[in-house]
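The values are calculated or read from the model by the stated rules, or taken from the named source; none is laboratory data. All of these numbers come straight from a predicted model, not from anything done at the bench. Here the Cβ positions follow ideal geometry from the backbone for every residue, glycine too, while neighbour counts run over all protein chains shown.
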């Protein structure tokens, strides 16, 4: 079984920067087209209509021979320097608002893409003012929130996450 990785650039507001999304399909993608508000994908002789309500890949008659496949939802911000490039920052914690069952891990060395904290479970909504303690020290951080797709039927939505940090810049005095 072959896979295809597709990058999509979405512009939500005119004049504002867009956002990149990465999708990994568990099948080969030959072509795309859009009709009304639906995306259609051609894979060999199969025509697949993307369903925004779907909770698994490869569900339905177009996927004969492919089992329904749960997929992870990953939201990943690469290397946030908080407006002070090169200056060490101490990450104190985070909070999160959403639905589903997320894990979070923090990247702390942008020269090593594998240098992340161990992913750990966090509540889907940490309530206002309820800081999730998470300490790290680095000039920039990468935040990765993952919603596991192992439970068929689990829907998720990330509304917001905040990082609480302080700069370690030495000041004259």
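Please work out if residue 9 is part of a strand (DSSP E or B) and surrounded by 11 or more Cβ atoms within 10 Å (Cβ to Cβ). So residue 9 does not fit the description; no. Looking at 2, 111, 43, just one residue is out of contact with any strand residue (DSSP E or B) (no Cβ under 9 Å at 6 or more places or on another chain), over 23 Å from residue 159 (Cβ atoms) and in contact (Cβ under 8 Å) with a residue 12 or more places away in the chain, and that residue is 2. Within segment 122-134, restricting attention to residues that are in a strand (DSSP E or B) and surrounded by 10 or more Cβ atoms within 10 Å (Cβ to Cβ), the residue that is nearest to the chain's Cα centre (by Cα) is 125. Checking each residue in segment 46-62 for being part of a strand (DSSP E or B) and in contact (Cβ under 8 Å) with a residue 60 or more places away in the chain picks out only 56.
A quick yes/no check of all residues on (1) outside the structural domain of residue 27 (by TED's automatic domain parsing); (2) within 20 Å of residue 163 (Cβ to Cβ); (3) surrounded by 15 or more Cβ atoms within 10 Å (Cβ to Cβ); (4) under 20 Å from the mean Cα position of the chain (by Cα):
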{"position": "78", "(1), (2), (3), (4)": "yes, yes, no, yes"}
{"position": "87", "(1), (2), (3), (4)": "yes, yes, no, no"}
{"position": "97", "(1), (2), (3), (4)": "yes, yes, yes, yes"}
{"position": "101", "(1), (2), (3), (4)": "yes, no, yes, yes"}
{"position": "104", "(1), (2), (3), (4)": "yes, yes, yes, yes"}
{"position": "108", "(1), (2), (3), (4)": "yes, yes, yes, yes"}
{"position": "119", "(1), (2), (3), (4)": "yes, yes, yes, yes"}
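Residues that are part of a loop (DSSP other than H, G, I, E, B) and at pLDDT 90 or above within segment 88-109 comprise 88, 108, 109, listed in sequence order. Just one of the numbered conditions (1) in the same structural domain as residue 141 (by TED's automatic domain parsing); (2) outside any loop (DSSP other than H, G, I, E, B) is not true of residue 41: (1).
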